[in-house]
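Worksheet for the structure shown next.
The values are calculated or read from the model by the stated rules, or taken from the named source; none is laboratory data. Predicted, not measured: the structure shown is a model, and the values here were computed from it. As a convention, Cβ positions derive from the backbone with ideal geometry for all residues, glycine included, and neighbour counts pool all protein chains shown. SASA here: full protein model, heavy atoms, side chains in, ligands and nucleic acids out. Shrake-Rupley method; radii C 1.70, N 1.55, O 1.52, S 1.80 Å.
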Amino acid sequence: MKRRNFLLSSLALVAPRSSSAATARIEVMPDEAIGAISPDIYGHFTEHLGGCIYDGVWVGEKSKIPNYGGVRKALVDNLKRLKPPVIRWPGGCFADSYNWRDGVGPRERRPRHTNFWANNEYLQKAPNGPQKYDPNEFGTNEFARFCKLAGAEPYLAGNVRSLTAHDFYEWIEYCNSPRGSTSLADLRAQGGSPEPLNVKYWGVGNESWGCGGSFTGDEYAIEFRRWAEWVPEFGGHLSFIASGPNVADYAWTRSFFEKLAERGGPRALRRVFGTALHYYCRTTGKGVANEFTVEEWYELLSNANRMEELIRNHWQIMGETDKDHHVKLVVDEWGAWHHTDPSIDPSYLWAYFPTLRDALVSGITLDIFNRHADKVAMANAAQLVNNIHTSFVAVGDKFTVTPVFHVFEMYAPHQGATSIRTSFSAASVGLASAHTLTGLTGSCSLQGRKAFLTVVNADAKNAQDTTIDVRNARVTSARARVLTAGDLHARNTFEQPDALKPINDKVTAGSPMTYSFRPASVTCLELELG
Ligand code: AHR
C-alpha cells in the first residue's frame, strides 16, 4: 500500500478532530537541560504473582509454546522491541517471603511452597497450580537468562522480613562470585551459569512499611544499614535500593533518612543508590479496566498525574538530610490498577487487557519521569506480563501486546537523551473539580540536533490545536506518530491483537509550527532542528 493511502486508511479508524476553542502552546527550550534521562526509567517488574511468572514468562522447556529454554519466546521477541534496560524480580510482596535457595540447583529437586498471594480472596477461587504453590522452577539462573535474552539488567529484591543479612550476602555471592571461586559459584555453574551473573541492582526488601515487615522508617534504617554495611562486591559496584514509604507518607521518608544519617552521616547515605517509591493509580467506582465513564477516564488520568507531586515532595524531604542529593528516586512499582478480567482464569490475579485509558496513564507517567530526569534514576512498570499495568497478556498459546506496550515502544527514543525544559499551556480538562488536569502534558529530550517531544492529550473529546515553538532554533523536518482511537475503551485482545496500535500522522515542519493533537491520544513528534 502506498504511504499516503496507508495514512488515510489508518486515520479513518481514529476520532475526528473536533478542535477545542482555545489554542494550546508548547515551548521547547533546548538550552535548558534538566539532565540525562536514565534508560532505567523505562524498566519493568516481574513478580511471582498470578500469571506473571507462570505462564507469562516461564512456560517450561517441554512446553508446546515456543520458548527459549523455558522462557516464552513471544515475550522475549516483543520485549526486545522496547529496549528494556532493567527488570526487577522476584517481587513485590512475594520477595519478602522468598528464599532464593529454593530456586537454585537441579530443577526437579526444588521444593514447592505456598505463594505469598495464595490467600488472596480471588486466587482462593482458583484451582491449585503454580500461581498458588510455587514450584520454584523459575529461580535466579532462569531469571538472569531471561534478562540476558531480553537485553536487560537484572534487579533483585532481597527478603528482609523473613531472611537474614547473611542470606542476602550469600545471594550476592551466588550471583557474583567469580567462576570456580566459591561453593556457591559452583552451584551457580551447575545451574548453567559458570560465569558471574554480575547483578548490580539489589533491593533491600520491598514495601518494608507494610508486607515487607511493617517497619517504621527509623526501624528500617537500622535494618538497611546492617544489610548494606558489608557485602562482597567482587570488583563491581553494587547499587542498593532502599524500600520507600507508602505513597505520600512523607514522615516515613524523613525518619528513614534522618535515622540512616544519624550514624555515619553522609557516608551512610552514600550506601543508598536510590530510595523506592511505589504509586498505583485507581478509580473509586467499579474499578473495571474496560468499563468506565468519561468521569472515570478523567479520574484515573488525574490520579496518574499525582506522581509528579509525590516525586517533588519526597525529593524535597530527602534533600533535608541528603543535601547534595546523592540518593535518587527509584519508582520501582507504578501503573494503573484495576480488577482481574472475569474472562481470564482466576489464577491470573489482576490480569486484564489494558485500554487506551491505561496507555494515557503510561504517557503521563513516563513524561513525568522524563521531566524529573535529575531525580528519578530508575522506574519499573508493574508488571511486565499478565499483571496490573501490563505490556503483554499471555495465557497458554494466546498472546497479545497491549496499548501500554505501544507507549513504551513509542517513548524508547527518550532513553539516554537529555531532558530539556518544555512548557505546556492548555486549558484544564475534567468534569469534576477533583479530577482535572492540564489538557496537554508531555516532555521533550534532545539528542544532537534531534528533539523528541511526547505529548498526551487527556481531553476525551476535543483535539488541541497547538503552536509549538522551539526557542532559538528552526524545525527543519518533523514526523508524528499517534496512539488513539474513536472509542476510549479501545484495547487489544487475543481475538483482536492489533485493534489499537500507533499510526503515522501528517505534520508540517515550521518555526513556530502547528499541530493538532487528537482527542484522547499519546503522540510523539520527532523534530530535526536547524
Ligand atoms: O505489584 C503488586 C504489589 O503491589 C506488589 O507485590 C507490592 O509491592 C505492591 O503493594
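Taking segment 498-519 on its own, how many of its residues are open to solvent by 40 Å² or more (accessible area, probe 1.4 Å) and within 25 Å of THR402 (Cα to Cα)?
5
Going through segment 270-287 one residue at a time, which ones are more than 16 Å from the ligand (Cβ to nearest atom) and open to solvent by 10 Å² or more (accessible area, probe 1.4 Å)? It would help to see each step written out before you state the result.
Of all residues in segment 270-287, those more than 16 Å from the ligand (Cβ to nearest atom) come to 270-273, 283-286.
Answer for segment 270-287, where residues must be more than 16 Å from the ligand (Cβ to nearest atom) and open to solvent by 10 Å² or more (accessible area, probe 1.4 Å): ARG270, ARG271, PHE273, THR283, THR284, GLY285, LYS286.
Might you let me know whether segment 79-98 holds any residue that is touching a strand residue (DSSP E or B) at 6+ places or on another chain (Cβ under 8 Å) and basic (Lys, Arg)?
Yes - at least one qualifying residue is present in segment 79-98.
Out of all the residues in segment 377-390, is one or more of a type in the set (A, V, I, L, M) and part of a loop (DSSP other than H, G, I, E, B)? Let's see the steps before the verdict.
Within segment 377-390, the subset of a type in the set (A, V, I, L, M) is 377-379, 381-382, 384-385, 388.
Checking which are part of a loop (DSSP other than H, G, I, E, B) leaves us with 384, 388.
Yes, segment 377-390 has at least one match.
Inside segment 181-201, can you point out the residues that are surrounded by fewer than 23 Cβ atoms within 10 Å (Cβ to Cβ) and in contact with a strand residue (DSSP E or B) (Cβ under 9 Å, 6 or more places away or on another chain)? Don't jump to the end; show me each part of the working.
Residues of segment 181-201 that are surrounded by fewer than 23 Cβ atoms within 10 Å (Cβ to Cβ), as a first pass: 181-187, 189-200.
Result: LEU197, ASN198, VAL199, LYS200.
Is there any pair linking a residue in segment 397-416 that is aliphatic (A, V, I, L, M) to one that is part of a helix (DSSP H, G or I) and surrounded by 22 or more Cβ atoms within 10 Å (Cβ to Cβ), with Cβ under 6 Å and at least six apart or on different chains, and which?
Matching pairs, first to second residue: VAL404/ASP358; VAL404/SER362; VAL407/ALA359; VAL407/SER362; VAL407/GLY363.
Restricting attention to segment 203-221, which residues are over 20 Å from TRP334 (Cβ atoms) and open to solvent by less than 10 Å² (accessible area, probe 1.4 Å)?
Here is the first cut: in segment 203-221, the residues over 20 Å from TRP334 (Cβ atoms) are 213-221.
The answer is GLY217, TYR220, ALA221.
For segment 350-382, which residues satisfy the criterion of being within 20 Å of SER243 (Cα to Cα) and within 16 Å of the ligand (Cβ to nearest atom)?
Listed by number, the residues that qualify are MET378, ALA379, ASN380, ALA381, ALA382.
Residue by residue through segment 322-349, note down the ones that are open to solvent by 40 Å² or more (accessible area, probe 1.4 Å) and either within 16 Å of the ligand (Cβ to nearest atom) or part of a helix (DSSP H, G or I) (or both).
Passing the criteria: TRP337, HIS339.
Taking the condition over 20 Å from TYR201 (Cβ atoms), modelled with pLDDT of 95 or more and within 20 Å of the chain's Cα centre (by Cα), does GLU320 pass?
On the way: over 20 Å from TYR201 (Cβ atoms): yes; modelled with pLDDT of 95 or more: yes; within 20 Å of the chain's Cα centre (by Cα): no.
For GLU320, the condition - over 20 Å from TYR201 (Cβ atoms), modelled with pLDDT of 95 or more and within 20 Å of the chain's Cα centre (by Cα) - is not met.
Which of the residues belonging to segment 203-220 are closer than 19 Å to CYS93 by Cα and more than 16 Å from the ligand (Cβ to nearest atom)?
Taking segment 203-220 as the starting set, the residues that turn out to be closer than 19 Å to CYS93 by Cα are 203-217, 219-220.
THR216, GLY217, GLU219 - these are the residues of segment 203-220 that are closer than 19 Å to CYS93 by Cα and more than 16 Å from the ligand (Cβ to nearest atom).
Given (1) surrounded by fewer than 19 Cβ atoms within 10 Å (Cβ to Cβ); (2) within 16 Å of the ligand (Cβ to nearest atom); (3) closer than 21 Å to ASP332 by Cα, where does THR46 come up short, assuming only one miss?
Tallying (1) surrounded by fewer than 19 Cβ atoms within 10 Å (Cβ to Cβ); (2) within 16 Å of the ligand (Cβ to nearest atom); (3) closer than 21 Å to ASP332 by Cα, THR46 fails exactly one: (1).
Count, please, the residues in segment 315-331 that happen to be under 17 Å from TYR279 (Cα atoms) and in contact with a Leu (Cβ under 6 Å, 6 or more places away or on another chain).
2
Quick check: anything in segment 445-463 free of Cβ contacts under 8 Å to residues at least 60 places away in the same chain and touching a helix residue (DSSP H, G or I) at 6+ places or on another chain (Cβ under 9 Å)? Quick ask: steps written out before the conclusion?
So the first thing to find is which residues in segment 445-463 are free of Cβ contacts under 8 Å to residues at least 60 places away in the same chain, and the list is 447-448.
Next cut, touching a helix residue (DSSP H, G or I) at 6+ places or on another chain (Cβ under 9 Å) only: 447.
Yes, that holds for at least one residue.
Can you find a residue that is away from the ligand (no atom under 16 Å from the Cβ), of a type in the set (Asp, Glu) and farther than 22 Å from HIS48 by Cα anywhere in segment 183-199? Break it down stepwise before answering.
First, pick out the residues of segment 183-199 that are away from the ligand (no atom under 16 Å from the Cβ): 183-199.
Retained after the next criterion (residues that are of a type in the set (Asp, Glu)): 186, 195.
Checking which are farther than 22 Å from HIS48 by Cα leaves us with 186, 195.
Yes.
Is it the case that segment 167-180 has a residue that's closer than 21 Å to ARG112 by Cα, buried (at least 22 other Cβ atoms within 10 Å of the Cβ) and touching a Cys at 6+ places or on another chain (Cβ under 8 Å)?
Looking through segment 167-180, none of the residues is closer than 21 Å to ARG112 by Cα, buried (at least 22 other Cβ atoms within 10 Å of the Cβ) and touching a Cys at 6+ places or on another chain (Cβ under 8 Å).
Looking at segment 455-497, which of its residues are under 16 Å from ASP358 (Cα atoms), in a strand (DSSP E or B) and either polar (S, T, N, Q) or open to solvent by less than 10 Å² (accessible area, probe 1.4 Å) (or both)?
Hits for segment 455-497 are VAL455, VAL456, ASN457, VAL482, LEU483.
Conditions (1) β-branched (Val, Ile, Thr); (2) within 24 Å of the chain's Cα centre (by Cα); (3) at negative phi, marked per residue:
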position	(1), (2), (3)
HIS435	no, yes, yes
THR441	yes, yes, yes
LYS450	no, no, yes
ALA458	no, yes, yes
LYS461	no, no, yes
ILE468	yes, no, yes
ALA473	no, no, yes
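Can you spot a residue in segment 231-241 that is loosely packed, with under 15 Cβ neighbours inside 10 Å and closer than 27 Å to THR321 by Cα? Spell out the reasoning first.
Pass one, segment 231-241, residues loosely packed, with under 15 Cβ neighbours inside 10 Å: 232-233, 235-237.
If we keep only those that are closer than 27 Å to THR321 by Cα as well, we get 233, 237.
Within segment 231-241, one or more residues are loosely packed, with under 15 Cβ neighbours inside 10 Å and closer than 27 Å to THR321 by Cα.
Only one of ASN305, ASN290 is open to solvent by 20 Å² or more (accessible area, probe 1.4 Å), more than 16 Å from the chain's Cα centre (by Cα) and under 23 Å from ALA520 (Cα atoms); which? Show your work before the answer.
On the way: ASN305 fails: more than 16 Å from the chain's Cα centre (by Cα).
From the options ASN305, ASN290, the qualifying one is ASN290.
What helices (runs of 4 or more DSSP H) lie completely within segment 167-286 and have 2 or more residues being at pLDDT 95 or above?
Numbers: elements: 183-190, 217-229, 250-262, 265-270.
Filter on segment 167-286 gives 183-190, 217-229, 250-262.
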